[in-house]
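See below for the structure under consideration.
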Amino acid sequence: MVLIGTDSPTLPAAIVRRGFAWLERADCVLGPAMDGGYYLIGAREPLPRALFARIPWSSGAVAAETRARARDAGLRVALLPTWYDVDDEAGLARLAADRALSRAPHTRAVLLRLG
């Protein structure tokens with residue numbers, strides 16, 4: 001199973017496919033976001049609850065802490081390329097400048113309405 005965030009509308013499908021493919025040889029796959037979180041997480045089996053307990057959510061340490069906990073739990077972790085998500089004004093500006101926005105027509109339309 002692979003879960004992706006809804007705040008990365010220009011994430012290439014090839015990266016998502018790579019996440020699924022890497023689960024053939026890894027227990028867990030993470031797609032680290034530029035802000036220290038992650039845009040994608042996947043696993044072959046349910047992940048231990050301890051992996052997420054008291055994670056410093058909304059901080060720049062989320063992906064690194066999750067990755068460290070997974071390794072401590074004996075899980076093989078694969079990392080996807082770093083990508084961005086839209087959590088703040090800087091992320092929104094990056095989205096507006098992203099050439100791949102044409103693949104997300106509804107998002108593009110909203111950005112045009114917002115100016």
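The values are calculated or read from the model by the stated rules, or taken from the named source; none is laboratory data. Only a predicted model underlies this, so the values are computations on that prediction, with no experimental measurement involved. Cβ atoms come from the backbone with ideal geometry, glycine included; neighbour counts cover every protein chain shown. With ligands, DNA and RNA removed, areas are computed over all heavy atoms of the protein, side chains included. Shrake-Rupley method; radii C 1.70, N 1.55, O 1.52, S 1.80 Å.
State which residue is nearest to the chain's Cα centre (by Cα) when the search covers only the range 63-115 and only residues that are among the β-branched types (Val, Ile, Thr), buried (at least 17 other Cβ atoms within 10 Å of the Cβ) and under 14 Å from residue 29 (Cβ atoms). Among those that are among the β-branched types (Val, Ile, Thr), buried (at least 17 other Cβ atoms within 10 Å of the Cβ) and under 14 Å from residue 29 (Cβ atoms), it is 66. Residues that are over 19 Å from residue 100 (Cβ atoms) and of a type in the set (Gly, Ala, Ser) within the range 15-50 comprise 21, 26, 36, 37, 42, 43, 50, listed in sequence order. Looking across the range 1-50, the residues that are under 9 Å from the mean Cα position of the chain (by Cα) and assigned to a strand (DSSP E or B) come down to 3, 4, 30, 31, 32, 33, 38, 39, 40, 41. Within the set of pairs 6+ apart or on separate chains, which have a first residue in the range 14-37 that is touching a residue at least 40 places away in the same chain (Cβ under 8 Å), a second that is assigned to a helix (DSSP H, G or I) and of a type in the set (Gly, Ala, Ser), and C-beta atoms under 7 Å apart? The qualifying pairs are 28/70; 29/19; 30/63; 31/19; 32/63; 33/63; 37/63. Of the residues making up the range 39-57, those that are at negative phi and open to solvent by 50 Å² or more (accessible area, probe 1.4 Å) are 44, 45, 46, 48, 49, 50, 52, 56, 57.
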